[in-house]
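Shown next, in structure tokens, is the structure this report addresses.
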Amino acid sequence: MKITEIRDETVSIRSDISNAFISFSEMTVSAVAVISDVVRNGKPVCGFGFHSNGRYGQQGILRERMIPRLLQADPEKLLTEDETNVDPFKAWNIMMRNEKPGGHGERSVAVGTIDMALWDLAAKIEDKPLAHLLAERYNDGVLDDEVYVYAAGGYYYPGKEIVGLTEEMKRYLDAGYNTVKMKIGGTSLARDIERIESVLKLVEKGEDLAVDANGRFSLDTALEYAEALNSYGLKWYEEPGDPLDFEVNKRVQEVSETPIATGENLFSMQDARNLIRYGGMDPKQDYLQFDPALSYGFVEFYRTLEMIKQYGWSPRRIIPHGGHQFALHLAAGMGLGGNESYPGVFEPFGGFSDTIPVEDGRVRLSDAPGIGIEEKQSLMPVYEQMISSLIEN
Ligand code: MG
């Protein structure tokens with residue numbers, strides 16, 4: 001087999017939501033299709049990828065560096081030993097040729113987008129869901145049948161704060177989620193406490209509610225919130241301070257009885273390792289949220305997994321950011337602790353298979369080969385359009 005072409009498209013996922021730091025009014029995402037010369041049912045087998053949410057489309061880096069490097073390499077250099085499938089580890093090394101270490105910037109997002117498509121393709125060539133392929137190759141065949149998911153949202157509703165928030169949270173609970181997450185830091189502490197208490201009336205216990213400050217707080221504010229949250233027994237307190245300020249994270253962790261969750265804005269194994277080394281995170285109670293699509297894909301995520309194990313962390317402490325099917329397959333195939341979900345937001349890229357509902361806070365994976373983009377009716381047209389010229393000919 002060989003890769004014949006790689007196409008990309010920038011797609012808008014603008015929405016009216018805001019967190020404590022940014023508005024999503026201009027948000028875009030890169031979608032990538034990796035096309036192979038393997039033909040099944042009259043169509044080329046293609047791998048599809050995109051890059052989660054929260055970072056903008058990566059067309060410049062994709063078109064100027066990553067895609068040309070892959071297409072200019074000898075085709076067999078991207079393949080497994082027996083040349084029957086793509087080898088995303090080899091492809092990764094080719095994409096990262098002539099890239100200096102450190103300063104990861106957003107090339108990690110561009111590489112992660114292609115990496116997702118390569119794994120989707122690899123699993124499709126083997127005709128199995130990606131979770132099965134990952135479990136067989138990298139997790140001694142151990143596969144979770146279902147994955148813990150929580151509903152992330154809990155936005156601000158100017159003018160109808162409490163009503164808007166509780167209605168949103170009720171929708172998630174009615175949809176089968178047990179754990180919900182809400183934004184904090186977009187108003188005063190007193191007002192946020194009121195919002196938190198209104199949601200706590202809806203969920204069964206404190207542990208069913210997590211809060212997310214999106215890296216907004218100064219040290220003093222982060223500590224003030226930590227003290228105020230201590231009595232509620234919440235699931236976690238997410239990104240209290242700047243995601244790269246490990247000292248702030250450590251100081252907050254020391255006073256917080258609520259577990260700390262962070263990592264969605266760390267895009268490399270080295271950044272993740274600095275968090276583990278210097279961020280004061282406790283492997284017995286805290287959570288790691290690295291998003292594989294934003295941080296160089298599964299190839300780097302695998303290195304991160306190996307790293308955290310060396311520091312005494314279980315993969316179960318990782319619950320990735322992003323709410324996408326790629327991370328869902330990694331969670332099931334690599335024994336992670338769960339996956340984020342954004343019901344109804346970041347469509348059509350967010351969410352899982354159309355046919356599999358969330359039940360009792362967990363979701364099963366479909367049997368579709370790859371990561372299951374074909375299982376989302378709203379998402380497939382993005383890719384069908386990208387490859388339409390191939391199918392018609
Ligand atoms: Mg977050």
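The values are calculated or read from the model by the stated rules, or taken from the named source; none is laboratory data. Bear in mind that the values here come from a model prediction, so they are computed numbers and not experimental data. Every residue, glycine among them, receives a Cβ derived from its backbone with ideal geometry; neighbour counts consider all protein chains shown. For accessibility, only protein heavy atoms count, side chains too; no ligands or nucleic acids. Shrake-Rupley method; radii C 1.70, N 1.55, O 1.52, S 1.80 Å.
Residues in the stretch 1-22 that are in contact with an Asp or Glu (Cβ under 9 Å, 6 or more places away or on another chain), open to solvent by less than 50 Å² (accessible area, probe 1.4 Å) and under 22 Å from residue 349 (Cα atoms): 13, 15, 19.
Restricted to the stretch 309-323, and to residues there that are modelled with pLDDT of 95 or more, not hydroxyl-bearing (Ser, Thr, Tyr) and not in a helix (DSSP H, G or I), the residue that is most open to solvent (accessible area, probe 1.4 Å) is 312. The set of residues in the stretch 215-230 being farther than 23 Å from residue 173 by Cβ and either touching a strand residue (DSSP E or B) at 6+ places or on another chain (Cβ under 7 Å) or within 16 Å of the ligand (Cβ to nearest atom) (or both) consists of 215, 216, 217, 222, 225, 226.
Per the listing 374, 340, the residue uniquely surrounded by fewer than 20 Cβ atoms within 10 Å (Cβ to Cβ) and either more than 19 Å from the chain's Cα centre (by Cα) or not small (Gly, Ala, Ser) (or both) is 374. In the condition set (1) surrounded by fewer than 21 Cβ atoms within 10 Å (Cβ to Cβ); (2) outside any loop (DSSP other than H, G, I, E, B), residue 225 is compliant with all but (1). Scanning the stretch 231-245 for residues that are open to solvent by 30 Å² or more (accessible area, probe 1.4 Å) and either more than 14 Å from the ligand (Cβ to nearest atom) or hydrophobic (A, V, I, L, M, F, W, C) (or both) yields 231, 232, 233, 244, 245. Going by the conditions given, is residue 156 assigned to a strand (DSSP E or B), within 26 Å of residue 224 (Cβ to Cβ) and either open to solvent by 50 Å² or more (accessible area, probe 1.4 Å) or within 16 Å of the ligand (Cβ to nearest atom) (or both)? No: the conditions fail for residue 156.
Candidates in the stretch 261-272 are the residues that are open to solvent by less than 10 Å² (accessible area, probe 1.4 Å) and among the hydrophobic types (A, V, I, L, M, F, W, C); of these, the one that is nearest to the ligand (Cβ to nearest atom) is 261. Screening the stretch 273-308 for residues that are without any contact (Cβ under 8 Å) to a residue 40 or more places away in the chain and within 16 Å of the ligand (Cβ to nearest atom) and picking the one that is surrounded by the fewest Cβ atoms within 10 Å (Cβ to Cβ) gives 275. Only a single criterion out of (1) within 16 Å of the ligand (Cβ to nearest atom); (2) over 17 Å from residue 293 (Cα atoms) is not satisfied by residue 341, namely (2). Residue count for the stretch 72-88 satisfying the condition of being surrounded by 14 or more Cβ atoms within 10 Å (Cβ to Cβ) and either under 22 Å from residue 326 (Cβ atoms) or touching a residue at least 24 places away in the same chain (Cβ under 8 Å) (or both): 8. Of the residues screened, residue 11 is one that is at pLDDT below 95, closer than 19 Å to residue 385 by Cβ and in a strand (DSSP E or B). Restricting attention to the stretch 179-213 and to residues that are within 16 Å of the ligand (Cβ to nearest atom), at pLDDT 95 or above and part of a loop (DSSP other than H, G, I, E, B), the residue that is nearest to residue 244 (Cα to Cα) turns out to be 213. Please verify whether residue 169 is outside any loop (DSSP other than H, G, I, E, B), closer than 25 Å to residue 324 by Cβ, touching a residue at least 12 places away in the same chain (Cβ under 8 Å) and more than 16 Å from the ligand (Cβ to nearest atom), treating the condition exactly as stated. Considered against the rule, which asks whether it is outside any loop (DSSP other than H, G, I, E, B), closer than 25 Å to residue 324 by Cβ, touching a residue at least 12 places away in the same chain (Cβ under 8 Å) and more than 16 Å from the ligand (Cβ to nearest atom), residue 169 comes out as yes.
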